[in-house]
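> Sending over a structure as structure tokens; questions will come in a sec.
Every read-out reported here was derived from the displayed coordinates using simple, explicitly stated rules and does not represent laboratory data. Note that the structure is predicted; figures quoted are calculated from it, not measured. Heads up, the Cβs are rebuilt from the backbone with ideal geometry, glycines too, and the neighbour counts pull from every protein chain shown.
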Amino acid sequence: MRMVMEHQHDSAAVSVAEIRSLLKEVNDPEVPVLSILDLGIVRDIKVVGDTVEVVITPTYSGCPAMDMIRMDIAAVLGRHGYGNARITTVLSPAWTTEWMSQEGKDKLKAYGIAPPNPLQQVCHVRPFQREEAVQCPHCLSYHTSLISEFGSTACKALYRCEDCKEPFDYFKCH
Amino acid sequence: MPESAFLYQYVLHLADDVLILGHRNSEWTGHGPILEQDIAISNIALDLIGQARNFYQYAAQLSTEGGISATEDGLAYLRDGWDFRNCLLTEQANGDWAKTILRQFFFSAHQVDLYERLAKGSDATLAAIGAKAYKEAVYHLRWSSEWVIRLGDGTEESRTRMVRALNELWEFTGEMHAPVPYELWAAGSGIGPDLSLLRLQWEERVRNIFDEAGLAYPSAQWMQTGGKEGRHTEQLGYILAEMQFLQRAYPGCEW
């Protein structure tokens with residue numbers, strides 16, 4: 001009996017790692033350079049017997065990519081023999097850009113999107129207060145200015161580099 | 001009234017506020033004054049409607065426990081005007097950009113403190129939704145504050161429009177802090193805020209921004225109420241007519 005339990009435990013441990021590595025294939029549909037692991041929205045992976053559960057959290061309350069992400073997770077796991085995977089959503093604790101991996105930040109920058117600054121610089125309600133030193137992902141200058149607080153998705157703001165003159169998206173800290 | 005009914009009404013009120021304001025803001029999509037601000041107001045609409053979905057999902061869960069079995073979509077698309085519990089402010093027509101901005105500012109200045117309190121409250125689901133949405137509300141407040149200052153302290157034309165918007169909207173602001181029974185219950189249960197305290201915070205926020213914008217804080221006057229108990233201005237009907245048309249005409253339609 002004891003051996004059986006140990007065996008189950010071992011296979012579950014292997015499976016969690018395997019599921020995690022499979023999730024590297026699931027990208028954010030709106031920022032396709034990031035996997036959902038890079039983004040920090042995978043909160044838990046549970047394997048009980050042959051049942052797999054992936055727990056995710058939205059970046060913003062209205063993130064329209066969540067349904068797509070759920071379907072993509074189910075599709076990737078299904079292709080690898082986990083057809084009965086459950087994908088559940090939690091809101092708490094609220095997602096923060098602090099959970100984005102360094103690898104994710106590097107990928108963003110290489111893709112031309114300025115990665116989020118550390119949270120201690122985060123926005124507060126005072127008007128016209130700007131985050132300091134958003135770095136241009138193209139020429140690496142810090143001489144940049146905000147064009148718009150909202151960009152092509154809820155998680156981004158629009159900036160312009162005053163040196164190389166290129167506009168760029170900034171993945172705003174949240 | 002049983003506690004579960006108070007909670008259900010309170011959650012619907014929270015949901016309706018952000019659905020209706022989100023829908024109003026979404027009317028700007030494709031019509032914004034400049035592209036960046038079209039995107040901004042559309043993103044704010046998206047945040048608000050996302051918040052509404054979280055509240056409606058909770059309301060649907062409560063209704064199932066209470067034996068009514070409402071669904072998230074049914075609550076949004078199949079209730080009539082007298083069942084909606086949103087504040088009158090949120091349903092007011094967009095008007096021009098100044099009026100839309102000022103409406104958002106008044107609401108966000110309320111929402112940040114409301115959600116901060118929900119996040120610390122004793123209902124775990126509302127606390128989670130509140131904590132998540134609080135950060136979004138802060139961002140909306142900063143954005144709308146800047147626009148109130150920019151227009152109020154801008155050109156003669158922008159100032160004229162901001163003052164007109166203020167005259168049109170002010171009478172709808174008092175309702176946010178005039179508690180109805182389910183809000184008194186929520187405050188008493190440690191779920192929601194004491195609105196009399198929230199009102200002081202709201203006034204301070206508005207006064208500070210008005211000072212910078214060169215706008216005079218209006219003197220006390222009689223305020224419209226009723227939305228939170230289902231008595232609405234005619235504006236709500238126009239929203240529902242458009243928002244609910246598809247589900248009314250083609251029940252259960254999906255795409």
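> Given the criterion within 14 Å of chain A (Cβ to nearest Cβ), out of contact with any His (no Cβ under 7 Å at 6 or more places or on another chain) and not small (Gly, Ala, Ser), identify the matching residue among B:9, B:37.
On the way: B:9 fails: within 14 Å of chain A (Cβ to nearest Cβ).
Only one candidate passes the filter, namely B:37.
> Taking into account only those residues within segment B:147-191 that are more than 22 Å from the chain's Cα centre (by Cα) and hydroxyl-bearing (Ser, Thr, Tyr), which is surrounded by the most Cβ atoms within 10 Å (Cβ to Cβ)?
Looking at residues that are more than 22 Å from the chain's Cα centre (by Cα) and hydroxyl-bearing (Ser, Thr, Tyr), I get B:158.
> Within segment B:184-233, how many residues are in contact (Cβ under 8 Å) with a residue 60 or more places away in the chain, closer than 30 Å to residue B:151 by Cα and part of a helix (DSSP H, G or I)? Even if it seems obvious, please write down each step before you answer.
So the first thing to find is which residues in segment B:184-233 are in contact (Cβ under 8 Å) with a residue 60 or more places away in the chain, and the list is B:185-186, B:189-193, B:198, B:201-202, B:205-206, B:209-210, B:212-215, B:224-233.
Now restrict to residues that are closer than 30 Å to residue B:151 by Cα: B:198, B:201-202, B:205-206, B:209-210, B:212-215, B:224-225, B:227, B:232-233.
Okay, now just the ones that are also part of a helix (DSSP H, G or I), so B:198, B:201-202, B:205-206, B:209-210, B:212-213, B:227.
Of the residues in segment B:184-233, 10 are in contact (Cβ under 8 Å) with a residue 60 or more places away in the chain, closer than 30 Å to residue B:151 by Cα and part of a helix (DSSP H, G or I).
Matching residues to (1) over 19 Å from residue A:157 (Cβ atoms); (2) surrounded by fewer than 18 Cβ atoms within 10 Å (Cβ to Cβ); (3) over 15 Å from the mean Cα position of the chain (by Cα); (4) more than 14 Å from every other protein chain (Cβ to nearest Cβ):
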{"position": "A:46", "(1), (2), (3), (4)": "yes, yes, yes, yes"}
{"position": "A:72", "(1), (2), (3), (4)": "yes, no, no, yes"}
{"position": "A:97", "(1), (2), (3), (4)": "no, no, no, no"}
{"position": "A:102", "(1), (2), (3), (4)": "yes, yes, no, yes"}
{"position": "A:108", "(1), (2), (3), (4)": "no, no, no, yes"}
{"position": "A:115", "(1), (2), (3), (4)": "no, no, no, yes"}
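> Hey, does segment A:74-84 have a residue that's out of contact with any Ser or Thr (no Cβ under 7 Å at 6 or more places or on another chain), outside any helix (DSSP H, G or I) and β-branched (Val, Ile, Thr)? Give the steps one after another, and end with the answer.
Here is the first cut: in segment A:74-84, the ones out of contact with any Ser or Thr (no Cβ under 7 Å at 6 or more places or on another chain) are A:74-83.
Filter once more, so that each one left must be outside any helix (DSSP H, G or I): A:80-83.
Checking the rest, the ones that are also β-branched (Val, Ile, Thr) come to none.
No, that holds for no residue.
> Among the candidates A:129, A:135, single out the residue that is within 14 Å of chain B (Cβ to nearest Cβ) and not in a helix (DSSP H, G or I).
A:129
> Next up: Out of the residues in segment A:148-166 meeting the condition of being within 11 Å of another protein chain (Cβ to nearest Cβ) and not hydrophobic (A, V, I, L, M, F, W, C), tell me which one is farthest from residue B:48 (Cα to Cα).
Filtering segment A:148-166 for residues within 11 Å of another protein chain (Cβ to nearest Cβ) gives A:148-158.
Those left that are additionally not hydrophobic (A, V, I, L, M, F, W, C): A:148-149, A:151-153, A:156.
Working: A:148: 19, A:149: 16, A:151: 17, A:152: 17, A:153: 14, A:156: 17 Å.
Selected residue: A:148.
> For residues that are among the β-branched types (Val, Ile, Thr) and more than 27 Å from residue B:155 (Cα to Cα), scanning just segment B:196-255, find the one that is surrounded by the most Cβ atoms within 10 Å (Cβ to Cβ).
B:239
> Sticking with this one: Could you say whether any residue in segment B:60-68 is assigned to a helix (DSSP H, G or I), under 21 Å from residue A:64 (Cβ atoms), in contact (Cβ under 8 Å) with a residue 24 or more places away in the chain and away from every other protein chain (no Cβ under 14 Å)?
Scanning segment B:60-68, I find no residue that is assigned to a helix (DSSP H, G or I), under 21 Å from residue A:64 (Cβ atoms), in contact (Cβ under 8 Å) with a residue 24 or more places away in the chain and away from every other protein chain (no Cβ under 14 Å), so the answer is no.
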